[in-house]
Each structure stands twice: as structure tokens, then as C-alpha cells.
Amino acid sequence: MNKQHDTKLKNDLLLRKKAEAFIPGGMWGHMHVKKLPYGYPQFFSKAKGSRIWDLDGNCYIDFMCGYGPNILGYKNADVDHAVNEQREKLDLGNGPSALVVDLAEKITMLVDSADWALFAKNGTDATTTCLTISRAATGKKKILVAKGSYHGSAPWCTPVATGVVEEDTSNLIFFEYNDSASLEVAEKKAGVDLAGIILTAFRHDVRRDQELPKKTFLEKAREICDKKNAVLILDDVRAGFRLNKRGSWVDYGVKPDLTAFSKAIGNGYPLSAVVGVDKLKQAASEIYVTGSFWCNATSMAASLKTLSIIEEIDVVAHIYYLGNNLRNGIHQIANNFGVEIFQSGPPQMPLILFEDDKGFSKGSKFVQYLLSKGIYFHPWHNMFLSLAHTAEDVDMTLDAVEYAMKKISLEF
Ligand SMILES: Cc1ncc(COP(=O)(O)O)c(C=O)c1O
């Protein structure tokens, strides 16, 4: 397999060598393919709909959507048209364009627990701003965070400790996601100094099965925040608009005080948002957050169009339906070959892990075989479906899964 991939990724491998000279480590963060199984391309040249092409012209049906943002598919024509029109007028000025107000209005109309909105660029900006607002509003310091949850790459939340000092995380108290007793222990530790609780929409930590939140657990978080006059923060950066367009906890009946969005909000154009309830509006107006590019109008235009499409078309139903078909098909194929797998989380954001797979050796081989058939899966990060995926894409993927699963059943 390695030799075949070396020839398939000739340009990619050459560019990786050059990148080593100019970019620390050749690439940074989650974009570095060094942690992925051998054979993954590092660089991409184009994408359209559900397809992405690497530098060597290999085309893949993509189930990562750029790690989430492309909820309508790559290069959605309506979104790109809105962006191009706006670019002709103004992108970055001395202040925002009128679109910032339109977008704040739109997102507060769409999202249930949103009476106001402010915008930034990345998910990390949004989650960090949520912490700042919580502390400003309550005058308290401690934030409860679930162990293993990803909230971004700032020193307070990065999963890699290198370069982080104790003080960066000294006001965080950790608990187990979905474990009310553990949340209560953390609450006690915070005592009278509890500013907020931050939770992802569901448990989607990498390298482990995903878990939907227990309703009782979310209710407990709400109850603690109400009792302690603290802020309940929903980090909807990854799941936002894929589970429920009105906010990921709407079906649970639990209202967050602040919600962080990014990823799907602008179909690939850089934008994030913090939305909140009325009682936090004052605090949100008093903190100082900003960035040179936080108001660029093309991203606002992209988001306005993306959210309009999400309002008009039932994107959630589409990706749920296809994700379910994919899941059922994979389940059937694995069963036929006697391979034990566990598929977890919402079908719109699938994750497939193999039973008894220390070091992800089966999972890694599985995705390598899929890659060789033009299917881009991830071995341990949840994947994403988009409006651009079709029933035909799912069928083609299942054909490749049949091939890959057979190989796994013979090799392990
Ligand atoms: C749940 C969650 N929160 C926050 C972030 C950080 O977002 P960004 O990478 O845009 O800073 C991510 C990114 O994957 C995420 O999944």
C-alpha cells in the first residue's frame, strides 16, 4: 500500500519536503497529517460539493467537510455568489458593513437562546469570549469543564500542555461529561466562586465513542447555574446547525445562557459567533474583545446566505437521512464479514471505531483502504455530512466499505 500511495502522492510528498523548510514541523495543529495513517494527502488543490482533490489530482468523496464548516458542501454557488457580490462593494473597512446588524438579527431570530450576537473569526475566539462574559457578568472566576472536551487551542483549553503554564488553567475545574455526580463534585469545589459551566453539544472527544448528552445531566448543569447564579455555556462550535438549526439542545429543552458557534455558520468562510440571553447583554457590552478581521463583510455575507439556506431547506433532515443510510449500510457490511465495530453519535456526524483496536491499527487500515478507493474518512475524529452529499455518494462509499471491510476481516 505504501508504494502505491507514494506514486499517488508525488506532488504532495515533494511539497511536504519544501514545507519542512519554511513551516515549523511542516504544518501545525490538526491540519498536520503526520498523526493520520500513512497515505493521507497533506495538501489539497480544489473542492466542489462533496468532493475534494489533492495536489496530485486524486479525487475523494469527502466526509470531513473541512472538519465541519462546509455544511452545504464545498463552493456552494449561492453562498459564493453572495460573497463575490459583497467583495465588489467592501470586505474590510474601518468598521463593519451593515451586514453585521442583519446577521445579528438573523441569528437571534433563528437560534432559540439568542437575544443578541457578536462575531469573531474562530471557534476558540467564541468559546474564550464566553468565559470572559461569564466572569464579567458574575464577578467570579471558576469555570467547570468536562475532561477531554475540546474547546479550542488557546492556552486555557488546548489539549497539548507544551507552552502552557499552570496559571492558564488554574481557574478550571474538571468533571466527567454526562456524569451528574461528578458535576456536583466540581460545583462544590468551585464553592461561591462559580462563574460558569461550559459543555459541548454532545460528547465528541476524539479517539473515543461519542455520547449524546443525557437530558438529566443537562438539566443538572442548568440547575447548578441557576442555583449559583452562574452561566451555562453551550459550545456548539462543532455541532451547531447539524443537530438542530435552532441550537443543539433545543430538543432537550435545556436553555444555555451563552452559545458559541463557528464552523458551519458561514459554509467555510471564517466566522464565529457568541449569542446570549438578555441578562448577559450588559456584560457582553462591557468586555473588550476584537480582532483586525472580526468584521470582514464577506464572511457576514456568507453566513447570511448559509443561514437563509438552512432556514429554507431542511439540511438537518437531509444529512440525518444520508448519515443513517451510511451507518446502516456499514453496520450490515461489518456484520456480514464478522467485524465488530461501534458507530456512535448522531448519524450527521458519524464516528466508526473498531472493537478491540488498540493503537487504532484496524481503523487505520480501514481508512487507508477507503482512501485508495477515493473515500476520505477519518479514523478517530467524528466526520461530517453536508447538503451536497447524495444517495449516490453513500452507495459509492458503501461499495468501498465492502472492499475495505473484507480486507480487515482477512487481515485481523
Ligand atoms: C467543540 C469545539 N469548540 C471549539 C473549537 C475551536 O474552534 P477553532 O478551531 O475554530 O478555533 C472546536 C474546533 O474544532 C470545536 O470542535
Run down 243, 258 and say which single residue is buried (at least 24 other Cβ atoms within 10 Å of the Cβ) and either touching a Gly at 6+ places or on another chain (Cβ under 6 Å) or more than 21 Å from residue 102 (Cβ to Cβ) (or both).
-> 258
From 20, 85, grab the single residue that is touching a Gly at 6+ places or on another chain (Cβ under 6 Å), of a type in the set (D, E, K, R) and surrounded by fewer than 17 Cβ atoms within 10 Å (Cβ to Cβ).
-> 20
Just to be sure, is residue 352 buried (at least 16 other Cβ atoms within 10 Å of the Cβ) and either free of Cβ contacts under 8 Å to residues at least 24 places away in the same chain or among the polar types (S, T, N, Q) (or both)?
-> no
Open to solvent by 20 Å² or more (accessible area, probe 1.4 Å), within 16 Å of the ligand (Cβ to nearest atom) and closer than 30 Å to residue 191 by Cβ - does that describe any residue in the stretch 102-121?
-> no
Kindly indicate the residue of the stretch 358-374 that is open to solvent by less than 50 Å² (accessible area, probe 1.4 Å) and of a type in the set (Gly, Ala, Ser) and also farthest from residue 407 (Cα to Cα) among those meeting that condition.
-> 374
Elements of type helices (runs of 4 or more DSSP H) contained in the stretch 269-367, each with 2 or more residues being in the same structural domain as residue 385 (by TED's automatic domain parsing) and out of contact with any helix residue (DSSP H, G or I) (no Cβ under 9 Å at 6 or more places or on another chain) | 315-336
Within the stretch 12-28, can one find any residue that is of a type in the set (A, V, I, L, M, F, W, C) and within 16 Å of the ligand (Cβ to nearest atom)?
-> yes
Select, from 130, 157, the only residue that is outside any helix (DSSP H, G or I), within 16 Å of the ligand (Cβ to nearest atom) and under 28 Å from residue 382 (Cα atoms).
-> 157
Long-range neighbours under 6 Å by Cβ, at least six apart or interchain, first residue within 13 Å of residue 281 (Cα to Cα) within the stretch 134-150, second surrounded by fewer than 21 Cβ atoms within 10 Å (Cβ to Cβ) and of a type in the set (Gly, Ala, Ser) = 136/283; 137/283
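The values are calculated or read from the model by the stated rules, or taken from the named source; none is laboratory data. Computed from a predicted model, the values in this text were never measured in an experiment. Ideal geometry is used to build each Cβ from the backbone, glycine not excepted, and the neighbour counts take in all protein chains shown. Note: areas computed on protein heavy atoms with side chains; ligands, DNA, RNA excluded. Shrake-Rupley method; radii C 1.70, N 1.55, O 1.52, S 1.80 Å.
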